[in-house]
Amino acid sequence: MTKTNRPYRRITLQAGQLVYDPASEMVGVVDHLVSSNIAVLKRPWGNTFKANKCRLRAPTEHQRRQYASLVKLARDRAARTA
(Lines give C-alpha, C1' and ligand atoms only; values in the text may rest on other atoms or scores of the structure.)
Protein backbone atom coordinates (compact mmCIF):
# COMPACT_ATOMS: atom_id res chain seq x y z
CA MET A 1 0.00 0.00 0.00
CA THR A 2 1.45 3.35 -1.00
CA LYS A 3 1.33 6.49 1.08
CA THR A 4 -1.19 8.19 -1.21
CA ASN A 5 -3.88 5.53 -0.94
CA ARG A 6 -3.39 4.65 2.73
CA PRO A 7 -6.80 4.39 4.43
CA TYR A 8 -7.51 7.00 7.10
CA ARG A 9 -8.42 5.99 10.60
CA ARG A 10 -12.08 6.81 11.13
CA ILE A 11 -12.83 9.31 13.85
CA THR A 12 -16.11 10.25 15.47
CA LEU A 13 -16.83 13.88 14.65
CA GLN A 14 -18.31 16.30 17.15
CA ALA A 15 -18.98 20.02 16.91
CA GLY A 16 -15.95 21.95 18.15
CA GLN A 17 -13.46 19.19 17.33
CA LEU A 18 -10.20 20.13 15.60
CA VAL A 19 -9.60 18.12 12.40
CA TYR A 20 -7.32 18.15 9.35
CA ASP A 21 -8.64 18.01 5.79
CA PRO A 22 -5.94 16.66 3.44
CA ALA A 23 -7.92 17.66 0.32
CA SER A 24 -7.67 21.36 1.17
CA GLU A 25 -4.57 20.95 3.34
CA MET A 26 -6.19 22.96 6.14
CA VAL A 27 -6.96 22.47 9.80
CA GLY A 28 -10.39 23.52 10.99
CA VAL A 29 -12.94 23.08 13.74
CA VAL A 30 -16.07 21.06 12.99
CA ASP A 31 -18.96 23.53 12.90
CA HIS A 32 -21.74 21.12 12.01
CA LEU A 33 -22.55 18.09 9.87
CA VAL A 34 -24.54 18.75 6.69
CA SER A 35 -25.23 15.14 5.79
CA SER A 36 -23.91 11.70 6.56
CA ASN A 37 -20.71 12.37 4.60
CA ILE A 38 -20.24 16.18 4.55
CA ALA A 39 -18.94 18.27 7.45
CA VAL A 40 -18.66 22.06 7.61
CA LEU A 41 -15.34 23.22 9.06
CA LYS A 42 -14.65 26.68 10.43
CA ARG A 43 -11.38 28.61 10.36
CA PRO A 44 -10.27 31.20 12.98
CA TRP A 45 -11.39 34.16 10.85
CA GLY A 46 -14.90 32.76 10.62
CA ASN A 47 -14.86 31.47 7.04
CA THR A 48 -16.25 27.99 6.56
CA PHE A 49 -15.68 25.23 4.04
CA LYS A 50 -17.21 21.84 3.37
CA ALA A 51 -15.18 18.66 3.63
CA ASN A 52 -15.81 15.00 2.95
CA LYS A 53 -16.26 13.47 6.39
CA CYS A 54 -14.46 10.20 5.58
CA ARG A 55 -11.27 12.10 4.58
CA LEU A 56 -10.95 14.04 7.83
CA ARG A 57 -8.41 12.96 10.40
CA ALA A 58 -7.02 14.12 13.71
CA PRO A 59 -4.34 16.80 13.29
CA THR A 60 -0.69 16.19 14.10
CA GLU A 61 0.97 18.10 16.94
CA HIS A 62 2.49 20.48 14.38
CA GLN A 63 -0.92 21.19 12.85
CA ARG A 64 -2.38 21.81 16.32
CA ARG A 65 0.32 24.40 17.03
CA GLN A 66 -0.29 25.98 13.62
CA TYR A 67 -4.00 26.33 14.34
CA ALA A 68 -3.33 27.76 17.81
CA SER A 69 -1.06 30.37 16.20
CA LEU A 70 -3.79 31.29 13.70
CA VAL A 71 -6.31 31.69 16.53
CA LYS A 72 -3.90 33.97 18.40
CA LEU A 73 -3.23 36.01 15.26
CA ALA A 74 -6.96 36.41 14.53
CA ARG A 75 -7.59 37.45 18.14
CA ASP A 76 -4.76 40.01 18.07
CA ARG A 77 -5.91 41.49 14.75
CA ALA A 78 -9.50 41.73 16.00
CA ALA A 79 -8.31 43.52 19.17
CA ARG A 80 -6.27 46.02 17.12
CA THR A 81 -9.17 46.93 14.84
CA ALA A 82 -11.73 47.27 17.65
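The values are calculated or read from the model by the stated rules, or taken from the named source; none is laboratory data. These numbers were taken from a predicted model, which means no experiment stands behind them. A quick note on method: Cβ atoms are made from the backbone with ideal geometry, for glycine too, and the neighbour counts reach across all protein chains shown. The area values use the complete protein model at the heavy-atom level, side chains included, leaving out ligands, DNA and RNA. Shrake-Rupley method; radii C 1.70, N 1.55, O 1.52, S 1.80 Å.
Points to keep in mind about this one:
- Principal-axis tilt of helix 61-81 within the chain, Cα atoms, nearest 10 degrees: 30 degrees
- Net charge contributed by nearby residues that have their C-beta within less than 15 Å of S69 (K/R +1, D/E -1): +4
- Gained length - R55 relative to Q14, 0.36 nm times residue gap less alpha-carbon distance: 13.3 nm
- Pairs of C-alpha atoms in the chain farther apart than 22 Å represent 28 percent of all such pairs.
- Across the accessible surface of the chain, with the other protein chains kept in place and a 1.4 Å probe, carbon and sulfur atoms take up 50 percent.
- Qualifying chymotrypsin sites (Phe, Trp or Tyr not before Pro) in the stretch 41-82, DSSP loop, other Cβ atoms within 10 Å at most 14: W45
- Restricting the trypsin sites (Lys or Arg not before Pro) of the stretch 14-65 to loop positions (DSSP other than H, G, I, E, B) with no more than 12 neighbouring Cβ atoms within 10 Å leaves nothing.
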